[in-house]
1. Show me the trypsin sites (Lys or Arg not before Pro) within region 1-66 that DSSP assigns to loop and that have at most 15 other Cβ atoms within 10 Å of their Cβ.
2. Residues of region 28-49 with backbone nitrogen within less than 17 Å of a virtual label 7 Å along the Cα-to-Cβ line of E62, please, listed as ranges.
3. With each label point set 7 Å from Cα along the Cα-Cβ vector, what nm distance links L88 and A75?
4. Local charge sum around R96 (other residues, Cβ-Cβ under 13 Å, Lys/Arg +1, Asp/Glu -1)?
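Throughout, read-outs are computed from the coordinates displayed, never taken from laboratory work. Predicted model, so just to flag it, every value in this text is computed and none were measured. Note: ideal-geometry Cβ built from the backbone for every residue, glycine included; neighbour counts use all protein chains shown.
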Amino acid sequence: MEFLGIGLPELVLILVLTLIVVGPQRLPETAAQIGRAIREFRRYSSGMTSELKQAIADLEKEYEELRGELKAASAELRDKAQAIGNDLTSVSNEARENLRLEEPKASDSKAASEATADALSTPAADDAPSSDSVAAT
């Protein structure tokens, strides 16, 4: 039998020393005080244990609530990022389509402007001096 790491021989020695120090008249009173002290210690340790368990339970509950909020916020952010990605993809596709549609128009307008530039650079038959007018001078 061991109590707090103290075996039976050590316990008998402590009781004998207590009997010698306290005396036989005060031994019952001292034993009662030691018993009360042990009860108070147990009550205190039991109270502390229950308080710690309650505090841990409260912390776990708060942790789970925060974890749920973080999951919800993460899902919301993921959805918004997906929506933004979809918007960007659609805008990109729309821009590419608009560029494809404008390319033929640009080549048509480029050909038209080249034709206009060619027409301006070559003199027209009406504007050219005739050989008769050159000879007359």
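1. On the way: sites: R26, R36, R39, R42, R43, K53, K61; in loops: R26.
Loop-located and lightly packed - R26.
2. Inside the label zone: nothing.
3. Here the modelled spin labels are 2.4 nm apart.
4. Values: positive: R100; negative: E94, E97, E102, E103.
Within the 13 Å Cβ shell, the charges total -3.
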